[in-house]
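The values are calculated or read from the model by the stated rules, or taken from the named source; none is laboratory data. All values derive from a computational prediction rather than experimental measurement. Glycine also receives a Cβ, built like all others from the backbone with ideal geometry; neighbour counts cover every protein chain displayed.
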Amino acid sequence: MTDIAASETGTTSEVLTTRDGVPLKRSLARALRREKMRALMLIAPLLLFILLAFVAPIADMLFRSVENNIVQNTLPNTVVALRDWNPNSGEIPGEPVFEALAGDLKIAVSQKTHTRLGSRLNYEQPGIASMFRKSGRKVKNLEEPPYREQFIEIHEGWGTVENWATIKQFSSKYTDGYFLSAIDRERTEQGIAEKPEKEQIYLFLFGRTFFLSVTITISCILLGYPIAFLLANLPLRSSNLLMIMVLLPFWTSLLVRTSAWKVLLQQQGVINDFLVWTGLVTDAGRLVMINNQTGTIIAMTHILLPFMILPLYSVMKTISPTYVRAAKSLGANDWTAFWKVYFPNTIPGIGAGSILCFILSIGFYITPELVGGTSGIFISNRIAYHISSSLNWGLGAALGVILLAIVMLFYWMYDKIVGIDNVKLG
Amino acid sequence: MKLKTLMLSVAVGALATSAAVAEDMTIVSWGGAYSASQDAAYHQPYMANNAGVNIINDESAAEAIAKLRAMKEAGNVTWDVVDAVAADALRACDEGLAIELDADTQLAPAPDGTPASEDFGDLLVSPCFIPQIVYSTTFGYRTDKVGATPPDDICDVFDLAAYPGKRALEKRPINNVEWALLCDGVAKEDVYKVLGTPEGVDQALAKLGTIKDSVVWWASGSETPQLLADGEVVIGSTYNGRLFALIEEQKQPVGMLWDAQVFDLDGWIIPTGLSPEREARALDYVKFATGTQQLADQAKYISYGPARASSAPLVGKHATLGIEMAPHMPTDPNNAKNTFLYNYEFWADNRDDIDAKFQAWLAK
């Protein structure tokens, strides 16, 4: 089109150029590139910091949920020799496997890696840890082959099919075993199956985490909405005072607030003492409000309340009072004016507050740990247990990946249903 | 000129700080009264003898093994000596996180010349572990809330009719399942055999199920003393030293139920991956701190039994209260009429499995 226009008007050059003869298009692109580079340079320190200190460690931690090099690295020849063995045969592997094991184990003992392998496999099959520990101590005393009987002599575990099946099953570089455990499944001879009911816990905990987070978010809306309304509509002097009362707990340490709830809610605590004093409950019938779900809901609602109030407040502040006045002058009563005119305008604030509260509470750890007892703990308490106590980092990472995926899924669903553009923080 | 001075002073400053860093020794322990007892009995005398060394107390022993593992992976171990319970020391050893020692050549012999391996005896449960104290997990009860006959049998914990009220138990299977089986008619020597079967675990959980609704589950050793002091629970398990502090130092109306106390060990481990100088210094410290007199000195501040046989006769009076410490030791014959020894091998193998069942049982 331009070409035709150019030829028709009879201009000399076919391409527009700048004064120094460079085609305008290229010159523009260069200028744009330079600008982009400059912008990138400006944010480079922050970007680098986030990549190094935040994204990389998280990616590394999450990668552990599938990584499983240890078996192959510690027992390389045994793993190869095990390829021909079929666990379904009901027989333990033959002499060649034990011969490979003797060689691998001697090297592993000299590098002291056999006990690490033992603790890794013990997560899958109880008893393997001591099998490797004991065998490591005695492997130097092994006599001439055949080794099979000698190994079974050292530890009877080498004579059971289950232990060998576990070694074979986890001999590949990557495993789905952690993820299966994280959804209460395991691999059996018949394929993937549910774990025995007495060992199922994670799906149940995911469900409870979700249910409690929704409950906490809803109670935050119910409690936060009137306060935000007052904040936005009271005269400046009283609303400032109210704002400080909202922010003061927000600035207080989370641990302090949680401990304060302990003092208030426990059976010999302030609230129960008061109720007994007024005669509302008997001394024997003191209410149980802590170390259960009630405790978790109360304490977490209190802690997350500012995250609901502040977005709500900043949205309400922008709603012009003339809307409600206009509705009333057109004949609406108080309720209709609120419900049909004011409330729809506050929905972006409710959305922002809800998503904040929900995502924060789904990953809460310390408050449920302190006041949740057994019925009020979250999935993150199990993740923490696996990271710091059982040292099963693979399973902890798998649970973390699932939790992250759930949060992202909710975010996506929220975007589809409400639209993330409708969320306002002010 | 100015630049030169600046550079010089920076260089001198760097030298000075690196020299100071070289003399710092970070020792990880449990905090509270326990760290205080170590400070008085080990750290202060050691620093007095070794003027160049500055001991820094780190109180993260509760998740020490996880942190050690992370440090080792990052290739930067910042701790020199770590206080760990025996089970954790065993795991650190398995994971290659702690160095192995030879007790006879690297630890001090008893004053009469008995080699360390004999002086510590069976308590050397792992080659990486240098025992320090014998402690026990046992029960305390409110003397004012148990009526005329205070509990004297472990099974009283399970007897809601005789002793109504809440109990405090640790939020993990270890010790609880053993006590449950003992009170469900299993003989002491068969406990771990029974527990090794799925039916045995079910049996233990069923027994615990009889009091489940009356239990407050604790995660940190300081919770039970608080719950007892507040009157939230009538009876609760914790470490005996915590109960000693509650009864003798804070004068709370609490009594000790020593029956079927579970003995456990706490001691030192030295991380792998230290520079040779740091490792040598850590070894030197541990050799000093686990000497006969030092172990006996620690018992002046806290009621845990010294791990050496040769220290026991030297245990004297409490440093500030002035009471005899021997009757408050878990190893005292009056207290140790019926004791239970924690089985490290069993729990190293079955901990994760039984814990999964226990937590599933708890959550539902």
Please specify each residue of region A:172-183 satisfying the condition of being buried (at least 18 other Cβ atoms within 10 Å of the Cβ) and touching a Phe, Trp or Tyr at 6+ places or on another chain (Cβ under 8 Å). A:177, A:181, A:182
Here is a check on your reading of the model: is residue A:66 surrounded by 12 or more Cβ atoms within 10 Å (Cβ to Cβ), touching a strand residue (DSSP E or B) at 6+ places or on another chain (Cβ under 7 Å) and either at pLDDT 95 or above or within 30 Å of residue A:397 (Cβ to Cβ) (or both)? yes
What is the number of the single condition among (1) under 30 Å from residue B:323 (Cα atoms); (2) within 14 Å of chain A (Cβ to nearest Cβ) that residue B:241 does not meet? (2)
Subset tally (residues that are within 19 Å of residue B:219 (Cβ to Cβ) and part of a helix (DSSP H, G or I)) for region B:36-80: 7
How many residues of region A:196-254 are of a type in the set (Val, Ile, Thr) and either surrounded by fewer than 14 Cβ atoms within 10 Å (Cβ to Cβ) or within 14 Å of chain B (Cβ to nearest Cβ) (or both)? The answer is 4
Taking helices (runs of 4 or more DSSP H) that fall entirely within region A:325-392, which contain at least 3 residues that are under 19 Å from the mean Cα position of the chain (by Cα) and more than 14 Å from chain B (Cβ to nearest Cβ)? A:343-362
Within region B:229-259, track down each residue that is farther than 14 Å from residue B:143 by Cα and among the β-branched types (Val, Ile, Thr). B:238
Residue count, region B:81-95 (criterion: part of a loop (DSSP other than H, G, I, E, B) and either modelled with pLDDT of 95 or more or more than 13 Å from chain A (Cβ to nearest Cβ) (or both)): 0
Qualifying residues in region B:146-182 (those that are among the polar types (S, T, N, Q) and assigned to a loop (DSSP other than H, G, I, E, B)) - the one farthest from the chain's Cα centre (by Cα): B:149
Among the residues of region B:43-80, what is the count of those that are touching a Pro at 6+ places or on another chain (Cβ under 8 Å) and either away from chain A (no Cβ under 14 Å) or among the small types (Gly, Ala, Ser) (or both)? 3
I'd like to know if region B:120-128 contains one or more residues that are within 14 Å of chain A (Cβ to nearest Cβ) and either part of a strand (DSSP E or B) or buried (at least 20 other Cβ atoms within 10 Å of the Cβ) (or both). yes
Would you check if there is a residue in region B:174-192 being more than 14 Å from chain A (Cβ to nearest Cβ) and either among the aromatic types (Phe, Trp, Tyr) or in contact with a His (Cβ under 7 Å, 6 or more places away or on another chain) (or both)? yes
Restricting to region B:170-190, count the residues that are hydrophobic (A, V, I, L, M, F, W, C) and touching a residue at least 60 places away in the same chain (Cβ under 8 Å). 4
Being modelled with pLDDT under 95, surrounded by fewer than 21 Cβ atoms within 10 Å (Cβ to Cβ) and small (Gly, Ala, Ser) narrows it down to one residue among B:299, B:245; which is it? B:245
Got a sec? Which of B:261, B:293, B:252, B:226 is part of a helix (DSSP H, G or I), closer than 30 Å to residue B:214 by Cα and of a type in the set (S, T, N, Q)? B:226
Which helices (runs of 4 or more DSSP H) does region A:125-186 wholly contain that include 3 or more residues that are out of contact with any Leu (no Cβ under 8 Å at 6 or more places or on another chain) and among the charged types (D, E, K, R)? A:128-138, A:148-154
Pairing a residue in region B:198-220 that is free of Cβ contacts under 8 Å to residues at least 40 places away in the same chain and crowded, with 20+ Cβ neighbours inside 10 Å with any residue that is acidic (Asp, Glu) and part of a loop (DSSP other than H, G, I, E, B), where Cβ atoms lie under 8 Å and the two sit 6 or more apart in sequence or on different chains, gives B:204/B:184
So, of the residues in region B:332-357 that are at the interface with chain A (Cβ under 10 Å from one of its Cβ atoms) and in contact with a Pro (Cβ under 9 Å, 6 or more places away or on another chain), which turns out to be surrounded by the fewest Cβ atoms within 10 Å (Cβ to Cβ)? B:355
